[in-house]
């Protein structure tokens, strides 16, 4: 009789575990999936353990089984609550039929975490057409839509990265006759998430003052208009027309000006530099720490099939950000290279095509010392340091040059 009861309990437990697994795979949002995993999963595991206790019958097995069930009942609901809270705060998708009862009670991000980190696949970034079964080829570009002429250059004033960025932005503005403006921003989100917001605000303002002093001492910033703001840097640095405004930023740093003072028991650090191409409607130049060569350089273009990339390359050559002698076109074997080759020919550049080894933004290692790289999309994930690796290492392990990036409208984070 005990054997039959044990089997019945175990079968019921397995059934609930199956329901939990199906719920995790099929339910529409993280909160429903969490409910299936915690409720059905806990009940299923408890019934399986109880069936094993009944089958064993020994005192030590009974005590161990009961303690295990009690442990599950005490810990799994708490873990589920914390996971649900974290999902809500991070902006996870909600599938609600009624009102949001937590609206105004818990602070919630306006965009999901996977979108902010760049883990969502970009829709419309690459046009693909099916050819033969099992073969997918990129649709060939037939026309390059020119970007507007450069009218303004903005550059970020970030403590520890002022002089180099200011000099580079000033040189480009003078070359093109464009307006020049410097932007000192304090990220208020970094202040709000600190354990001691008042002290964090004071420290960041001190660092920002230091950056302003470095800006005023820079030889390349004499003609720049200084702008000071506190708020969301992504919103404050956004612009309206692609090509009319160039944003010049360093390759690391952020607008908390490297002040350490985040929330305890977390590993989060303010880091939004790679999010700027997604909100800035135009090219973003990440400047190298070394001086650009006055001699003609090799420009590497990583072509992942973005339709706007030829226009960006033509705009960069026309603007004269670099003096280019050779254009290396890194692209997929099945892509059309005629448009890029025509651009190189019209600007008197030697053209060279190389096949990409992968579908991401990486270029061959031999071009890691290139002085400049142009990308049509930002390397993912959108973190300047990912597990201790600098973001330019995703392009090439030894990459130290300039990187010019402009996102397609379909990939911009505000679209």
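Readers should treat all values here as calculations from the given coordinates under stated rules, not as data from a laboratory. These numbers were taken from a predicted model, which means no experiment stands behind them. Please note: Cβ atoms are built from the backbone with ideal geometry, for glycine as well, and neighbour counts cover all protein chains shown.
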query = From the square roots a ≥ b ≥ c of the eigenvalues of the alpha-carbon gyration tensor of the stretch 2-89, which class results: rounded (a/c under 1.5), prolate (a/b over b/c), or oblate?
reply = oblate
task = Set the Förster distance to 30 Å, then compute FRET efficiency between residue 8 and residue 71 from the Cβ-Cβ distance, nearest 0.05.
result = 0.80
message = Counting just the Cα atoms, what span does the stretch 152-411 cover along each of its three principal axes? Round to the nearest Å and put the largest first.
response = 57, 42, 31
message = I'd like the FRET efficiency for residue 227 and residue 295, computed as 1/(1 + (r/R0)^6) with the beta carbon distance as r and R0 of 35 Å, rounded to 0.05.
response = 0.55
ask   = How many percent of all Cα-Cα pairs in the stretch 281-388 sit more than 18 Å apart?
value = 48
remark   = Inter-part gap, Cα centre of the stretch 1-77 to Cα centre of the stretch 291-336, in whole angstrom, is 59
note = Between residue 258 and residue 235, Cβ-based FRET efficiency (R0 25 Å, step 0.05) works out to 0.70
query = With each label point set 7 Å from Cα along the Cα-Cβ vector, what nm distance links residue 61 and residue 202?
reply = 6.5
query = How far apart, in nm, are two points set 7 Å out from the Cα along the Cα-to-Cβ line at residue 175 and at residue 82?
reply = 5.3
